[in-house]
Amino acid sequence: MHSLLQRLVLLNYRINVNVTHVPYRGTGPAMQDLESGRIDYLCEIITTAKPQIDGGTVKALAILDSKSTLPNLPTSAAQGADNLIAYTWNAIFWPKGAPEPIVKKMHDAALTAMHAPEVRDRLQALGAQIVPDNEATPEYLRSFVRSEIDKWAAPIKASGVSVD
C-alpha cells in the first residue's frame, strides 16, 4: 500500500471518519491541488512537504510521529492524538538466507554512510530522522516490521482497501 494512502487510512481509522481517498499520480499534482485549494488536506511525508511548509504555501498542522524534526511543528502526540503515528521509514532488505558476512558488511557500510556529516546534514535539512544505532540492526528491523504489520492490520481491514 502506498504510504500516502496508509496515512489517510490510519487518520480515518483513528479519528473515526470516512474521508474519500483521491488517487493522484504522485505527490506533485496532489501538492499543487492543496496549494490551489482544490483539496482540503494532504497527509504527506515531511521530506516532500518541507519546501512548501518553509515557503508558506501550505500550513502544516502536525507531524504524525512521537517526535518532530521541525522546531515549530508539533507532533500529533503532543496535540492529544498519541495513537496517530504514521511516519515513513526506509530499510535495506535481503533475500532470506543471505550470507551473514555480506549482510554485516552492508549493515556496517549503511551505518557509516548515515553517520557521514554530509549525509546526516542533508537528511536533517529535509526533515528526515536518522535512527539511533540500536534501532539500525537486522534484529530490530525484524521486530519493527512485525509491529508495523500489527499496527496497520486493523485500520486497513476497517477501510476496506484492497490491492488490485
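Subtracting the Cα-Cα distance of V161 and L70 from 0.36 nm times their residue separation leaves 29.6 nm of extension gain. Relative contact order of the chain: 24 percent, from C-alpha pairs under 8 Å at least 6 residues apart in sequence. Between the listed residues L123, S147, M106, the Cα displaced farthest toward the positive end of the dipole of the stretch 88-164, a dipole computed from Cβ unit charges relative to the Cα centre, is found at S147. A Cβ-based charge dipole, computed about the Cα centre of the chain with Lys and Arg at +1 and Asp and Glu at -1, lands at about 240 debye. For K50, a cut-off of 29 angstrom between C-alpha atoms picks up these lysines, skipping any fewer than 8 places away in its own chain: K59, K67, K151. Among the listed values (i) 52, 37, 33; (ii) 146, 63, 23; (iii) 39, 38, 34, the one computed from these coordinates for Cα extents along the principal axes in Å is (i). Under 10 Å, Cα contacts only: if you run a Gaussian network model on the chain, which one of D108, D40, D121 comes out with the highest mean-square fluctuation? Largest GNM mean-square fluctuation: D40. The longest part of the chain holding none of the exposed loop chymotrypsin sites (Phe, Trp or Tyr not before Pro), meaning those outside H, G, I, E and B in DSSP with at most 13 other Cβ atoms within 10 Å, is 94-164. Taking the accessible area of the stretch 23-164, probe 1.4 Å, and keeping the other protein chains in place, the carbon and sulfur fraction comes to 57%. What lysines sit close enough to K104 to cross-link, taking a C-alpha to C-alpha distance under 23 Å and skipping anything fewer than 8 places away on the same chain? Partners found: K96.
Each helix, a run of at least 4 DSSP H residues, gives -39500 (n - 2.57); summed and divided by the residues of the chain, these come to -15500 deg cm²/dmol at 222 nm.
Per residue, how large is the accessible surface of the stretch 48-145? Use a 1.4 angstrom probe and give square angstrom. All intermediate terms of the calculation are to be shown ahead of the outcome.
Details: 6630 Å² over 98 residues.
I get 68 Å² per residue for the stretch 48-145.
Between I63 and T75, S76, the built amide H atoms are under 5 Å apart, and every one of these is 5 or more places off in sequence or on another chain.
Mind ranking V22, V161 by accessible surface for me, highest first, 1.4 Å probe? Kindly include the intermediate steps, with their values, before the conclusion.
Numbers: V22 80, V161 50 Å².
Greatest to least solvent exposure: V22, V161.
A Gaussian network model of the chain, with springs between Cα atoms under 10 Å, assigns the largest mean-square fluctuation among K105, K67, K96 to K96.
The values are calculated or read from the model by the stated rules, or taken from the named source; none is laboratory data. Everything numeric in this text was worked out from a predicted model, so none of it was measured. Cβ atoms come from the backbone with ideal geometry, glycine included; neighbour counts cover every protein chain shown. Keep in mind that these areas ignore ligands, DNA and RNA; they rest on the heavy atoms of the full protein, side chains included. Shrake-Rupley method; radii C 1.70, N 1.55, O 1.52, S 1.80 Å.
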